[in-house]
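A.B. asks: Here's a structure for you.
All of the numbers you see were taken from the coordinates with simple rules; none came from a lab. All figures in this text were calculated on a predicted structure; none of them were measured in a lab. For neighbour counting, all protein chains shown are included, and Cβ atoms are generated from backbone atoms with ideal geometry for every residue, glycine included.
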């Protein structure tokens, strides 16, 4: 056996909170060797990400790490920041779970790729520009020359994650720490990214520490697996051995977890709550003086839908297909053409002031819960913000009570509402986001990849939660996802988008069971549903 490139011994991570100290990681030890892929798995809140955030000196201010993390014999814990900065990004690189919070919204992605290449490799800006385009080609970003000028908000979640991967591999690191790198990717692109990481690993001899909740990914990419629960390591071993004969009951539960059941059908005469006709969105269209207008990029091309009370429409497609863009257009968060009728009332031409009272009836749960929750507000304040805006007559005590009730409905302990978002796991943050939408008692909730960052066990809980809330409150959902297993468990009908076009739609069982289009068939096969 070769000497470990990184060896962790007795790692503890603690957070000081208003409710006392929270021990997120408890005495975890493992090692990773050159050319090896080690997967760290466990449910949301198990401490997977906090281990490496601590080792890399990236914990929040109230976080503290102890133990030993030897990189080539040098302990990274307690290393001066200047010395640690020489290692981070060059010898050790990280791909973060939530790319929108890692990319600067004020700069195009090309500038963000070029900067580290100039800093770490001393390249000229011209050479760095060429290398950045090459990296975007490697991670399958379409039209990379044009995308160099795009800002993060103009990319899909999957495309942003691929940009993060390009940045991470740009300096050929010895160790790549990948924290849920395929979370935002559809199944077909996920397979391509995993193949890419494998190819890069073989070419560079790079070690990969792969933090994930997706056991399908673990099977495909990892050599060894470390299973964590509640901050402790419960099992470790070769992937084939652990999957074939898990020694811990928790590991067995992770392997067996899968969203189950089907949604009860909605009544055919249920009232229509939302009608969209010929919605279209174009990005990058510019009018220049004395020159013809640039045509721009058509992200959504004439999509129509009808949503009834208590119904769920699943919107699926590859990364960049226009799923989230369509949702933002419906919510009037993006300029679009076409008609949008909410409870029979046309809203596409309403001013922001006229639209404000209607927004409480049409809420959204974003793909990236950490990016959509203010880091300066507690969970209770975040959920109470909606009533503060839309129900100004409520006093502070009433708003706090409403927030506590909404959190409890989302199976989140209201006693924890005085903590901040960084003190929670991804699953807990998503429950806060759902409670924030629910507290205003809307009729429609747009769910943009609400389970993509969650492990399978928590996904099952969130699917059950969404079903119960829908039944109790008569909610209608637009459910955007690349995870067809979750879509099948939650949706009445499915709409399939490709490059902004609606290519297939119909009842959930029909679209997944007998898809008419080759594109839909490929999605189903990639998701292992057929």
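A.B. asks: Any idea how far the Cα center of the range 454-530 sits from the one of the range 164-205, in Å?
C.D. replies: Comparing the Cα centres of the range 454-530 and the range 164-205, I get a distance of 27 Å.
A.B. asks: Hey, another quick one. Exposure proxy check: 417, 33, 262 ranked by fewest other beta carbons within 10 Å?
C.D. replies: Fewest-to-most Cβ neighbours within 10 Å comes out as 262, 33, 417.
A.B. asks: Cα centroids of the range 137-159 and the range 33-69: how far apart, whole angstrom?
C.D. replies: Going from one Cα centre to the other spans 29 Å.
A.B. asks: Could you bin all the Cα-Cα distances of the range 378-530 into 5 Å bins starting at 0 and give me the percent of pairs in each, rounded to whole numbers?
C.D. replies: 2, 9, 17, 18, 17, 13, 9, 7, 5, 2, 1, 0
A.B. asks: Could I ask something else about it? Percent antiparallel among DSSP beta bridges with both residues in the range 4-256, to the nearest 5? Walk me through the intermediate numbers first.
C.D. replies: Numbers: 26 of 46 bridges.
The antiparallel proportion sits near 55 percent.
A.B. asks: Which whole-number percent gives the relative contact order of the chain, counting Cα pairs below 8 Å spaced six or more residues apart?
C.D. replies: About 16 percent, as a whole number.
A.B. asks: Testing the spin-label approximation: label points 7 Å from Cα along Cα→Cβ at residue 473 and residue 91. State their distance in nm.
C.D. replies: Those two pseudo-labels are separated by 5.1 nm.
A.B. asks: Measuring from the lowest to the highest alpha carbon on each principal axis, how far does the range 313-449 reach, largest first, in angstroms?
C.D. replies: Dimensions of the range 313-449 along the principal axes of its Cα atoms: 45, 39, 24 Å.
A.B. asks: Right, next: Semi-axes of the equivalent ellipsoid for the range 369-441, please: Cα gyration tensor eigenvalues, times 5, square-rooted, ordered largest first, whole Å.
C.D. replies: 18, 12, 11
A.B. asks: Kindly provide log₁₀ I(q)/I(0) values, in the same order as q = 0.20, 0.21 Å⁻¹, from the Debye equation applied to equal alpha-carbon scatterers of the range 1-112.
C.D. replies: Results for the range 1-112 at q = 0.20, 0.21 Å⁻¹ read -1.23, -1.31.
A.B. asks: Please report Rg over Rh for the chain, where both radii come from the alpha carbon positions and Rh follows the Kirkwood definition.
C.D. replies: 0.96
A.B. asks: Rounded to the nearest 0.05, what FRET efficiency is calculated for residue 26 and residue 58 with R0 set to 22 Å and r the Cβ-Cβ distance?
C.D. replies: After rounding, the FRET efficiency stands at 0.65.
A.B. asks: Let me ask you something else. Using alpha-carbon pairs under 8 Å, 6+ residues apart, how would you state the relative contact order of the range 17-138 in percent? Walk me through the numbers before you get to the answer.
C.D. replies: Working: 56 pairs, mean separation 15.2, N = 122.
So the answer I get is 12 percent.
A.B. asks: Then there's this: If one puts a single equal scatterer on every Cα of the range 4-256 and applies the Debye formula without solvent, what log₁₀ I(q)/I(0) results at q = 0.08, 0.17 Å⁻¹?
C.D. replies: Per q value, in the given order, log10 I(q)/I(0) is -0.31, -1.37.
A.B. asks: Separate question: Using only Cα atoms and rounding to the nearest 10 degrees, what angle (0 to 90) does helix 379-390 make with the longest principal axis of the chain?
C.D. replies: 20 degrees
A.B. asks: If packing is taken as the average count of other Cβ atoms within 10 Å, what order do 75-84, 107-116 fall into, highest mean first?
C.D. replies: Numbers: 75-84: 13.1, 107-116: 19.4.
Listed from highest to lowest mean packing, they are 107-116, 75-84.
A.B. asks: Once label points are set 7 Å from the Cα along Cα→Cβ at both residue 258 and residue 351, what is their separation, rounded to one decimal in nm?
C.D. replies: Spacing of the two 7 Å Cα→Cβ label points: 5.5 nm.
A.B. asks: Here is a follow-up. In whole percent, what relative contact order does the range 478-519 give with Cα contacts below 8 Å and a gap of six or more residues?
C.D. replies: 28 percent
A.B. asks: Going by alpha carbons, how many degrees (0 to 90, nearest 10) lie between the helix axis of 456-473 and the longest principal axis of the chain?
C.D. replies: The two axes meet at around 20 degrees.
A.B. asks: Given R₀ = 56 Å, what would the calculated FRET efficiency be for residue 121 paired with residue 269, taking r from the Cβ atoms and rounding to 0.05?
C.D. replies: E(calc), rounded to 0.05, equals 0.30.
A.B. asks: Here's something else I'd like to know. Suppose we keep just the alpha-carbon trace of the range 463-520; what are its Rg and Dmax in angstrom?
C.D. replies: So, for the range 463-520, Rg and Dmax equal 12.4, 38 Å respectively.
A.B. asks: Continuing with this model, one more query. For residue 394 and residue 249 in the same chain, what is the full-extension length gain: residue separation times 0.36 nm, less their Cα-Cα distance, in nm?
C.D. replies: Working it through step by step, the gained length comes to 47.4 nm.
A.B. asks: Then there's this: Nearest 5 percent is fine: what portion of the DSSP beta bridges confined to the chain is antiparallel?
C.D. replies: Here the share of antiparallel DSSP bridges comes out near 55 percent.
A.B. asks: Using per-residue counts of other Cβ atoms within 10 Å, averaged over each peptide, order 505-515, 395-405, 420-430 from highest down.
C.D. replies: 420-430, 505-515, 395-405
A.B. asks: While we're here: Given that compact globular proteins tend to follow 2.2 N^0.38 Å, what is the ratio of the alpha-carbon Rg of the range 106-187 to that value?
C.D. replies: Dividing the Cα Rg of the range 106-187 by 2.2 N^0.38 Å gives 1.04.
A.B. asks: Now, a different point. To the nearest 10 degrees, how steep is helix 396-409 against the longest Cα principal axis of the chain, on a 0 to 90 scale?
C.D. replies: Tilt relative to the chain: about 80 degrees.
A.B. asks: In the range 374-530, what percentage of the DSSP-assigned beta bridges are antiparallel, given to the nearest 5?
C.D. replies: Bridges in the range 374-530 that DSSP calls antiparallel: roughly 55 percent.
A.B. asks: Additional query: Just to confirm my numbers, what's the Cα centroid distance between the range 224-258 and the range 311-331 in Å?
C.D. replies: 35 Å
A.B. asks: Using a Förster radius of 35 Å, what is the FRET efficiency between residue 411 and residue 204 based on their Cβ-Cβ separation? Nearest 0.05, please. Display every interim value, and only then the final one.
C.D. replies: Numbers: r = 44 Å, r/R0 = 1.25.
Using R0 = 35 Å, I get an efficiency of 0.20.
A.B. asks: Related question: Summing -39500 (n - 2.57) over the DSSP H runs of n ≥ 4 in the chain and dividing by its residue number, what mean residue ellipticity at 222 nm do you reach, to the nearest 500 deg cm²/dmol?
C.D. replies: So the calculated ellipticity at 222 nm is -11000 deg cm²/dmol.
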